[in-house]
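The next block holds one structure in the form of structure tokens; read it before the comments.
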Amino acid sequence: IVTVAALAVAGFAVIALIRRSDSGAGVADSIAEVRATLDRRASVEEERVKRIDSGIDQLKQTVATNEGAVDEQLRRIGTDLASVTGLFRHDGARGGWGELSLERIFEAAGMTAGRDYEMQFNAGDGVPDAVLHLPKGRTIVIDSKFPQARFTEALSIEDPDERAARLEEHAKEVERTARDLTKKGYAAHATAEYVVMFLPSQAVFEAATIARPSLLADLLAIGVILTGPSGLFAIVKSTASLLSQQAAVDDAKRILDEVGVLAPGHRMSSP
């Protein structure tokens, strides 16, 4: 690839050499010299383009590898969550499981601790369980809660009407927990002032939202995004994808800078 500037320089060089030449043979030799110079420059530019192509191929391979592992990661999360039902009866164990579930979901989504997220983030007025870091300083604040007493009681009730009433109480318990969460001041540290309230049991999450269909909208109105494991994985995976796109842009910019292709004053946009 020969740039316009290179062609212009070569043209001036030809004219200068022709003027200095005393014979037709001198002119021919000068032209040959210029052509050789252009060929060398073209070879250098071609090598630079190959380096860019190689860098882009590596980025594509990384993305493909990550996407291919998503299904297996989802299955692993589901198996892990199903294996700890017995822990739901103990407050301390439930809290520990909530934090462990968060970390496993972050890891399954391909996120790195300390870079992409922080556990037990100090938010001043309280300590949420986790904070996800997005490009441009944006954040998602997540706190794990496990209100399940009424849900557990409902599982042992055979009468359908009584069970439905207990599940409605379960939905109210989830709502009370969410309203208490809004008093902790976490929203001030979150982008758009929404806090994610994570229920580390899909069954507990679904029971509450089925018993109270308006629950998600009601909590959203007070700045709380209620989610279970599946929904949180979708949120985290989207965040990881955004971070991956940002990293790809940064890598591409670095490659272009290294080969000197990026024009002065040009800036690559971020996602």
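Quick look at the numbers
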{"read-out": "Relative contact order, percent, the range 107-162 [alpha-carbon distance under 8 Å, six or more residues apart]", "value": "19 percent"}
{"read-out": "LYS183 paired with VAL127, simple spin-label distance in nm, labels 7 Å along Cα-to-beta-carbon", "value": "2.1 nm"}
{"read-out": "Which of LYS184, LYS145 is most accessible, then next, and so on - probe 1.4 Å", "value": "LYS184, LYS145"}
{"read-out": "Solvent-accessible surface (1.4 angstrom probe) belonging to THR152, in square angstrom, nearest 10", "value": "60 Å²"}
{"read-out": "Net length gained if the chain between MET119 and GLU168 were fully extended (0.36 nm per residue, minus Cα distance)", "value": "14.4 nm"}
{"read-out": "Hz values of 3J(HN,Hα) by residue in the range 168-176 - Karplus curve (6.51, -1.76, 1.60), Gly and Pro given as x", "value": "5, 5, 4, 4, 5, 5, 4, 5, 4"}
{"read-out": "Theoretical FRET efficiency, 1/(1+(r/R0)^6), r = Cβ-Cβ of GLN58 and ALA192, R0 45 Å, to 0.05", "value": "0.85"}
{"read-out": "Difference of contour (0.36 nm per residue) and Cα-Cα distance, ALA217 to ARG176", "value": "13.3 nm"}
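The values are calculated or read from the model by the stated rules, or taken from the named source; none is laboratory data. Predicted model, so just to flag it, every value in this text is computed and none were measured. Positions of Cβ are generated from backbone atoms using ideal geometry, with glycine treated the same way; all protein chains shown enter the neighbour counts. Just the protein is used for accessible areas: all its heavy atoms, side chains included, with ligands, DNA and RNA removed. Shrake-Rupley method; radii C 1.70, N 1.55, O 1.52, S 1.80 Å.
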